[in-house]
1. Collect the residues in segment 126-139 that are outside any strand (DSSP E or B) and either at positive phi or not assigned by TED's automatic domain parsing to the domain that holds L180 (or both), keeping them in residue-number order.
2. If a residue must be among the small types (G, A, S), crowded, with 17+ Cβ neighbours inside 10 Å and part of a loop (DSSP other than H, G, I, E, B), how many such residues does segment 346-369 contain?
3. For G174, state whether it is in the same structural domain as F31 (by TED's automatic domain parsing) and either more than 30 Å from A138 (Cα to Cα) or not in a helix (DSSP H, G or I) (or both).
4. Could you please find all residues in segment 149-200 being more than 22 Å from A252 (Cα to Cα) and polar (S, T, N, Q)?
5. When residues of segment 179-203 are filtered for being over 20 Å from the mean Cα position of the chain (by Cα) and in contact (Cβ under 8 Å) with a residue 60 or more places away in the chain, how many remain?
6. Given the criterion of a type in the set (D, E, K, R) and out of contact with any Asp or Glu (no Cβ under 9 Å at 6 or more places or on another chain), identify the matching residue among R275, R280.
7. Among all residue pairs at least 6 apart or on different chains, which show Cβ distances below 7 Å where the first residue, located in segment 69-94, is under 18 Å from G368 (Cβ atoms) and the second is part of a helix (DSSP H, G or I) and small (G, A, S)?
8. Check every one of the strands (runs of 3 or more DSSP E) wholly within segment 15-125 and list those with 1 or more residues that are crowded, with 19+ Cβ neighbours inside 10 Å.
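The values are calculated or read from the model by the stated rules, or taken from the named source; none is laboratory data. Just so it is clear, the structure is predicted and the values come from calculations on it, not from any experiment. Quick reminder, even Gly has a Cβ in these numbers, built from the backbone with ideal geometry, and neighbours come from all protein chains shown.
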Amino acid sequence: MRRVAIIGGGPAGLMAAEQLAAVPGLLVEVFDAMPSPGRKFLMAGKGGMNITHSEAPASFRQRYGERQAEIAPLLEVFGAEQLRAWIHGLGIETFVGTSGRVFPTGMKAAPLLRAWLHRLRAAGVRLHMRHRWLGWQADGALRFATPAGETTVAATATVLALGGGSWRRLGSDGAWVPLLAARGVPVAPLRPANCGFDVAWSEHFRSRFAGQPVKPVVASFAGRQQPGEFNITAHGIEGGLVYAFAAALREALAAGGTAALNLDLVPGRSLERLRADLARPRGHDSLASHLRRRAGIEGVKAGLLRELLAPEQLQQTDSLAAALKALPLPVAAPRPLDEAISTAGGVCFAALDAALMVRDRPGLFCAGEMLDWEAPTGGYLLTACFASGHVAGRGAAAWLSAAD
């Protein structure tokens, strides 16, 4: 019996396993370093399992930025609608939230994963936990470290779905990078994506406002504008609005060494109206009272103004109004890779064919976050992971069939 090894028990790896399990005469085995499969998938679902997004396909594809040309063919095979239908096939319904994000009923990842694993095992897929991949032997056999010692597996085809380099404690540690590089597979350096950024806060600001949300605001950078909110941390900033600009901020820092996210602290009020409101006589009011009464600015927003503006700017109506509508928040560096929600970089698409097989390594396929792409949160990350696993699994099945 031919043996197929899938290394990585996250969404991409399990989806590849499901496609291969439908092929008669194959022994399909999933190997993962963690004690149980889907660790990062479960963690991602703790705050509400946002599985995909309901927006139109053209807009959906644009979320993949510079890699939309590579990701689009994967989504055509297994995009948001196919993913929802697949979830329904597991006996779990989905619904569209007010933001357009799609969630499974119950908002949890665990029921979905349990139903999926039950179906995979019923289809004959074997799961081997606590098997950490170590690379290849000279004869091409796969090497694994296990609690019982090192073991080898001779597989006819292999699908790698090892994740990126974030959340090391959940299994995505990027340890595969040198293993593939040693085999001549080109890998773009892993970089943090959907990450926070360092900001040089004063000790006063840090001690007073760390942990507080900043909302509502509209952020802008590099010609883009988006409403939302973010959080102050002891080191800098994080949260959904920051993640939306993370790729652009990261690249600007890498190219020029400086970047600043511009914040509109009073969205919905024009600069002209704000200037007029602030120009009204202050009387005996302090600046803090004046800002609160005339602009609705207090708490962390007022703290940001004092932190980022020179004293004379705070006293001049025009400069204060302009800052309230476009406050530059300088960021110094992305937070470390292991803190990021996801990673950019990975196996270069130029090294892969349309079925995600490494061109110079017949029978070796790659899928999931270990490929060189990135996307914002909102279901786009998971959708592309599922889609790439589906394509890699089907590709491996087709390659095995052609080899017969």
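1. Result: R130, single match.
2. Number satisfying all stated conditions: 2.
3. yes
4. Selection gives T151, T152, T156, T158, S172.
5. Within segment 179-203, residues that are over 20 Å from the mean Cα position of the chain (by Cα) and in contact (Cβ under 8 Å) with a residue 60 or more places away in the chain number 9.
6. R280
7. I71/A384; L74/A384; L74/A387; L74/S388; L75/A387; V77/A387; F78/A387; G79/A387
8. It comes to 26-31, 101-104.
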